[in-house]
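The values are calculated or read from the model by the stated rules, or taken from the named source; none is laboratory data. Here the structure is a predicted model, which is why all the values come from computation and not from measurement. Cβ placement follows ideal geometry from the backbone for every residue including glycine, while neighbour counts extend to all protein chains displayed. Remember, those area values only see protein heavy atoms, side chains included, never the ligands or the DNA or RNA. Shrake-Rupley method; radii C 1.70, N 1.55, O 1.52, S 1.80 Å.
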Amino acid sequence: MQFSAWDVAAIGIKAILYAATFCAAGGVFFLLYSRSLIALDDERRVRWWVGLCAVVAIAASAVRLSIIAGSMGDGFSGTLDGSMVRMVLEAGEARATGMRITGLLLIGAIFLETSCGFIAASLSAFLAATSFAWIGHAWAAGRWSVALLSLHLIGVAFWLGALVPLLLVGQRTDLSSLARIAKRFGDIAVIGVGVLLLAGSFLLATLLRQASDLWNTEYGRFVGGKLLIVAVLTAAAAVNKLRFTPRLQTQDAAAAYGLLRSIRAELLLGGLILIVTAALTSLVGPPALD
Amino acid sequence: MLRTLFLSAAVALTLATPSFGHAKLLSSSPASGAQVAEVPKTITLTFNEEAKLAALTLLHAGKETSVAVDKSAPSAKSAVVPVTGLTPGTYEVHWTAIATDDGHVAKGSFIFTIKNASLATS
């Protein structure tokens with residue numbers, strides 16, 4: 001079986017959807033723990049970034065439904081076929097996409113600039129980030145898998161989703177402020193990465209029949225590729241926390257340059273992980289569900 | 001290093017043979033590879049899990065024909081599709097379905113042959 005243009009489009013739009021949703025949710029989480037450390041101007045920039053990502057994620061959700069409908073029907077006309085879109089919605093997308101769009105719309109409460117607005121936006125960020133667990137392999141595997149994937153997704157949003165806000169603030173702020181923000185982010189990211197890896201490992205154990213599925217099945221090989229990139233990304237994050245962040249405390253300007261460059265590399269690796277995940281969740285089924 | 005990683009991922013994606021989720025066709029009537037004497041009035045597809053049939057096309061003598069599918073039918077493990085006007089020859093059936101438990105689109109195809117009536121009775 002060959003890849004069709006629809007498969008490539010479906011993977012591409014799913015990766016964009018993942019990125020925009022995690023960036024919107026991650027931006028809210030970033031403000032949750034660093035708002036007291038950053039200037040008002042920077043806080044506003046992050047709010048606008050969150051709003052932009054939420055709009056992109058809502059648009060990507062709609063485009064994705066059309067692409068799935070188009071892949072099932074008669075080419076491009078299928079993208080506008082209401083009966084096909086209804087079939088897609090009835091097969092679980094109504095639940096997951098509805099949850100995501102509700103979360104993304106309510107994230108807009110962040111613009112209220114009040115405590116209530118911020119709390120509402122934070123809860124909505126959780127809703128949007130975990131919406132991907134309400135359909136797909138984890139949903140088919142049972143409620144424990146949904147819970148594990150939800151934790152995994154929250155970890156992704158806390159870590160990867162906060163990288164752009166960190167970069168936005170880090171490019172403008174002074175060294176001592178950057179040192180404080182980087183330390184706060186590093187402390188939170190350790191928890192986020194821990195939750196992400198732990199929940200991801202347990203989830204993988206439920207989706208594989210045995211360890212050898214990792215190299216004997218197509219699904220396992222995809223996961224192996226993803227884990228390889230995750231290992232490189234985790235190493236880059238460790239360098240940030242253990243090398244650049246302590247040097248920032250000593251007002252080392254070179255460390256700031258190194259940190260920002262490393263964050264850009266992490267963003268590229270994170271994007272690659274999302275593309276592989278989009279392909280993994282679109283093209284191959286886990287062995288335990290066969 | 002990043003370039004190498006991107007290239008590796010691109011190669012992995014290109015080489016992967018997609019199985020399109022995990023709704024699979026268990027059986028069909030006419031069966032895959034079957035040679036039938038009577039012209040079938042319906043095509044029945046049986047999946048390993050509940051799914052909705054979204055599209056069915058027949059390829060015969062180089063001509064592709066879309067068969068009308070009831071898209072409002074409830075999801076089920078089997079889908080029965082009426083077909084009319086089939087003539088002797090080999091048919092390639094292409095189907096598309098969406099699994100209702102995980103929302104994944106599944107695609108597949110199989111072949112059956114309607115034997116010539118005179119040959120069938122001989």
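Selection of the stretch B:39-64 for residues being away from chain A (no Cβ under 14 Å), touching a strand residue (DSSP E or B) at 6+ places or on another chain (Cβ under 8 Å) and not hydrophobic (A, V, I, L, M, F, W, C) yields B:Pro40, B:Lys41, B:Thr42, B:Thr44, B:Thr46, B:His60. Taken together, A:Ala125, A:Ala109, A:Ala147 contain a single residue that is buried (at least 23 other Cβ atoms within 10 Å of the Cβ), assigned to a helix (DSSP H, G or I) and of a type in the set (Gly, Ala, Ser), which is A:Ala125. The residues in the stretch A:65-82 that are open to solvent by less than 30 Å² (accessible area, probe 1.4 Å) and either of a type in the set (Ser, Thr, Tyr) or closer than 21 Å to A:Ala125 by Cα (or both) can be counted, and the count is 2. Screening A:Val55 on (1) modelled with pLDDT of 95 or more; (2) crowded, with 20+ Cβ neighbours inside 10 Å; (3) of a type outside the set (Ser, Thr, Tyr) shows it passes everything except condition (2). Checked against (1) surrounded by 15 or more Cβ atoms within 10 Å (Cβ to Cβ); (2) modelled with pLDDT under 95, A:Val28 passes all but condition (2). Listed conditions (1) assigned to a helix (DSSP H, G or I); (2) more than 14 Å from chain B (Cβ to nearest Cβ); (3) not β-branched (Val, Ile, Thr) are all met by A:Arg172, apart from (1). Residue pairs whose Cβ atoms lie under 7 Å apart, sitting 6 or more positions apart in sequence or on different chains, and linking a residue in the stretch A:267-290 that is free of Cβ contacts under 8 Å to residues at least 24 places away in the same chain to a partner that is assigned to a helix (DSSP H, G or I) and open to solvent by 10 Å² or more (accessible area, probe 1.4 Å), are A:Leu268/B:Leu2.
Does A:Gly78 qualify as being at pLDDT below 90, within 14 Å of another protein chain (Cβ to nearest Cβ) and on the phi > 0 side of the Ramachandran plot? Here the answer is no, as A:Gly78 does not meet what is asked. If you go through the stretch A:63-79 and pick out every residue that is in contact with a strand residue (DSSP E or B) (Cβ under 7 Å, 6 or more places away or on another chain) and β-branched (Val, Ile, Thr), you end up with 1. Taking the criterion of being surrounded by fewer than 22 Cβ atoms within 10 Å (Cβ to Cβ) and in contact with a Lys or Arg (Cβ under 8 Å, 6 or more places away or on another chain), the residues of the stretch A:83-105 that qualify are A:Ser83, A:Arg86, A:Glu90.
Among the residues of the stretch B:67-86, those identified as outside any loop (DSSP other than H, G, I, E, B) and under 18 Å from B:Phe112 (Cβ atoms) are B:Val67, B:Ser78, B:Ala79, B:Val80, B:Val81, B:Pro82. The residue of the stretch B:97-122 that is modelled with the lowest pLDDT, among those that are in a loop (DSSP other than H, G, I, E, B) and out of contact with any Asp or Glu (no Cβ under 8 Å at 6 or more places or on another chain), is B:Ser122.
Within the stretch A:248-267, is even one residue under 15 Å from the mean Cα position of the chain (by Cα) and either closer than 23 Å to A:Arg172 by Cβ or of a type in the set (Asp, Glu) (or both)? Yes, that holds for at least one residue. Where helices (runs of 4 or more DSSP H) sit wholly within the stretch A:183-290, those with at least 3 residues that are within 11 Å of chain B (Cβ to nearest Cβ) and within 27 Å of A:Leu166 (Cβ to Cβ) occupy A:218-239, A:253-283.
For the stretch B:65-97, the tally of residues that are within 15 Å of the chain's Cα centre (by Cα), facing another protein chain (nearest Cβ under 10 Å) and open to solvent by less than 70 Å² (accessible area, probe 1.4 Å) stands at 3. The stretch A:1-105 holds helices (runs of 4 or more DSSP H) entirely within its bounds, and those carrying 1 or more residues that are more than 28 Å from B:Ala73 (Cβ to Cβ) and small (Gly, Ala, Ser) map to A:5-34, A:40-72.
Quick grid of which residues meet (1) in contact with a Gly (Cβ under 7 Å, 6 or more places away or on another chain); (2) at pLDDT below 90:
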| site | (1), (2) |
| --- | --- |
| B:Ser66 | no, yes |
| B:Pro74 | no, yes |
| B:Ala79 | no, no |
| B:Trp95 | yes, no |
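The residue list A:Gly92, A:Gly78 contains one member that is free of Cβ contacts under 8 Å to residues at least 60 places away in the same chain, of a type outside the set (S, T, N, Q) and in contact with a Phe, Trp or Tyr (Cβ under 7 Å, 6 or more places away or on another chain), which is A:Gly92.
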